[in-house]
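Colleague: Here's a structure for you.
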Amino acid sequence: MKKTIRDVNVNNKVVLMRVDFNVPMKDGVITSDNRIVQALPTIKYALDNNAKVVLFSHLGRVKEEADKASASLAPVAKKLAELLNKEVKFIAATRGKAVEDAVKAMKAKDIIMLENTRFEDVPGKKESKNDSELGKYWASLGDVFVNDAFGTAHRAHASNVGIASNVEDSVAGFLMEKEIKFIGGAVDSPERPFIAILGGAKVSDKISVIENLINIADKIFICGAMAYTFYKALGYNVGTSKCEDDFVDFAKGLLDKSKGKIVLPIDTHVAKEFNETSESMVVESHLIPSDFMGLDIGPKTIELFSNVIKGAKTVVWNGPAGVFEMEKFSYGTKEICKMIAALEGATTIIGGGDSAAAAIQLGYEEKFTHISTGGGASLEYLEGKELPGVAIIDDKCCCGCSNC
Ligand code: ADP
Ligand code: MG
């Protein structure tokens, strides 16, 4: 169990808080404030408890000096001020006198935001390479470190692992706590039956997830383009479907040792071309014509999956069932949302950037217990890897309290 912000005294303390404000932007305008909204509970808790809050976040890719112009966090600070209905002082620097003076001048319940942590990557990749001087410097600005940025927890950067290594108290924010509870909980001690649904574009992206979950889940549904590599392993013709020939042997090996755990689609929606107006039809999985590609799963598969998933107590879903971006091929993904939504008393989790986007786009956001905020981080968590940004957070003591 990890310590959270509830376990430390933040009264009048400078709280260094790493958030994930890597919001989508177009022409300097934030197109979704979801990541800012998700961080509000931890920020508000700190302010309500008289902390002085210093926010750190990265935004976008900063590889060279020219990238900085469009990667400033200034618009994000403005948005946060609107959402909090409170002044958020933006400091257009990541170190130096302006930063130090601003921190010194803070009073309880004040909040400031520093410039994009990745500005420290030019030159020298100090943030991304967890430069020890930088982590130490940022840590020296405050008293307590709160990590609420799950999206970067799979990376050891100066603004998460670096700061945490140099302060007395490193604790999780509420968003981080939720991710650890649900994704960590599913991997470590799932309530059973535990069903994993794995789809998306490539087997090669998901090998480690499959290898880890095959040992933990009671059943694994394979869908999305991944299924065609498994079909090929079974000797089926896959037509022009996306298929990774280099991974057919892996799929074969897995099917051999999975002892019936893997459930493959039994029908598939195929089209002549990769577009919505192309001729298309639903065929049984072993009957894909040579000049057609599989772009979604069919109704018989949905019936099969629905029967197997009945009674599940934990469901983890990673990877859309088809090309959900096209309405015509969003059927399978939508039906999977529906079948998960219909489960009673189950913990249902989405861990995957596109799957999360699909569930939100299709209107099922509220129907899941937890939609992870970190695509890459949730994938690595599902692979069974220790995330450096999580590992460095202080543990509660063995009795679960935070004091002894
Ligand atoms: P996640 O981000 O949830 O981990 P992935 O990135 O692995 O998911 O995969 C998402 C992509 O997989 C989507 O863009 C979707 O269009 C694509 N996809 C799903 N099924 C198919 C298919 N049958 N053929 C081609 N692409 C597919
Ligand atoms: Mg993706």
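Computed from the coordinates by the stated procedures, all read-outs in this text should not be read as laboratory data. Not measured: the values here are computed from a predicted model. So basically every Cβ, Gly included, is an ideal-geometry build from the backbone, and we count neighbours across all protein chains shown.
Colleague: Using Cα atoms only, what is the angle between the long axis of helix 331-341 and the major principal axis of the chain, expressed in degrees (0 to 90) to the nearest 10?
Modeller: 60 degrees
Colleague: Mind listing the phi-derived Karplus ³J(HN,Hα) values for the range 298-306, rounded to whole Hz, using 6.51, -1.76 and 1.60 with θ = phi - 60°, and x for any glycine or proline?
Modeller: x, x, 5, 5, 4, 4, 4, 4, 4
Colleague: On to the next question. Long-range amide H contacts for residue 4: which residues qualify at under 5 Å (H placed 1.01 Å from N, peptide plane, sequence gap of 5 or more or a different chain)?
Modeller: Residues meeting the amide H criterion: 172.
Colleague: Shifting gears a bit: Round to the nearest 10 and give me the degree value, 0 to 90, for the angle of helix 34-48's Cα axis relative to the longest principal axis of the chain.
Modeller: Tilt of helix 34-48: around 40 degrees.
Colleague: From the backbone phi of the range 60-72, what are the Karplus-calculated ³J(HN,Hα) couplings (6.51 cos²θ - 1.76 cosθ + 1.60, θ = phi - 60°) in whole Hz, Gly and Pro given as x?
Modeller: 3J(HN,Hα) across the range 60-72, in whole Hz: x, 9, 10, 9, 9, 3, 4, 5, 5, 4, 9, 10, 6.
Colleague: Tell me, Kirkwood radius of the chain from alpha-carbon pair distances, in Å? Mind showing how you got there, number by number?
Modeller: Values: mean 1/r = 0.0442 Å⁻¹.
Kirkwood radius, the chain: 22.6 Å.
Colleague: Sequence-distant or interchain residues sharing an amide H contact under 5 Å with residue 267, placed H: which?
Modeller: Under 5 Å from the amide H of residue 267: 285, 298, 301.
Colleague: Once the piece of chain linking residue 276 and residue 252 is laid out straight, how much longer is it, given 0.36 nm per residue of separation minus the C-alpha distance between them?
Modeller: On the way: separation 24, 0.36 × 24 = 8.64 nm, distance 3.20 nm.
Value of the extension gain: 5.4 nm.
Colleague: Could you list the square roots of 5 times each eigenvalue of the Cα gyration tensor of the range 1-141, that is, the equivalent ellipsoid semi-axes, sorted largest first and rounded to whole Å?
Modeller: Numbers: eigenvalues 107, 71, 41 Å².
Calculated on Cα positions only, the semi-axes equal 23, 19, 14 Å.
Colleague: Which percentage, to the nearest 5, of the DSSP beta bridges contained in the chain is antiparallel?
Modeller: Values: 12 of 49 bridges.
So the antiparallel bridges amount to about 25 percent of the total.
Colleague: So, counting K/R as plus one and D/E as minus one, what does the shell of residues with Cβ under 15 Å around residue 245 add up to?
Modeller: For residues surrounding residue 245, the net value is +1.
Colleague: Let me ask something else about it. When a footprinting reagent is the concern and you count Cβ atoms within 10 Å, what order do 255, 287 take, fewest first? List each step's numbers first, then the result.
Modeller: Details: 255 17, 287 13.
Final ranking by Cβ density, sparse to dense: 287, 255.
Colleague: In which sequence would 267, 188, 27, 148 go, from the one with the fewest C-beta neighbours within 10 Å to the one with the most?
Modeller: 27, 188, 267, 148
Colleague: Whole-Hz Karplus ³J(HN,Hα) for the range 3-15, in order, using 6.51 cos²θ - 1.76 cosθ + 1.60 and θ = phi - 60°, x for Gly and Pro?
Modeller: The phi angles translate into 5, 10, 4, 5, 8, 10, 8, 10, 4, 6, 8, 7, 9 Hz.
Colleague: So, one more: For helix 248-257, report the angle its Cα long axis makes with the longest principal axis of the Cα atoms of the chain; keep it between 0 and 90° and round to the nearest 10°.
Modeller: Approximately 80 degrees, to the nearest ten.
Colleague: Taking amide H atoms as placed 1.01 Å from N in the peptide plane, list the residues 5 or more away in sequence, or in a different chain, whose amide H sits under 5 Å from that of residue 169.
Modeller: 145
Colleague: If you split all Cα-Cα distances of the range 300-404 into 5 Å bins from zero, what percentages do you get per bin, shortest first?
Modeller: Taking all Cα pairs of the range 300-404, the binned fractions are 2, 12, 19, 18, 17, 12, 8, 6, 3, 2, 1, 0 percent.
Colleague: Let me ask something additional. Any idea how far apart residue 396 and residue 291 come out in nm if each label point goes 7 Å out from Cα toward Cβ?
Modeller: Distance between label points: 6.4 nm.
Colleague: Please list the radius of gyration and Dmax for the range 171-223, considering alpha-carbon atoms only, with Å as the unit.
Modeller: 12.8, 38
Colleague: In what order do 228, 236 fall by count of nearby beta-carbon atoms within 10 Å, going from fewest to most?
Modeller: 236, 228
Colleague: Could you tell me the calculated FRET efficiency between residue 109 and residue 366, based on Cβ-Cβ distance and R0 = 22 angstrom, to the nearest 0.05? Kindly include the intermediate steps, with their values, before the conclusion.
Modeller: On the way: r = 32 Å, r/R0 = 1.46.
With R0 = 22 Å, the Cβ-Cβ based efficiency is 0.10.
Colleague: From a point 7 Å beyond the Cα of residue 202 in the direction of its Cβ, which residues of the range 248-292 have a backbone N at a distance under 15 Å?
Modeller: Answer for the range 248-292: 248.
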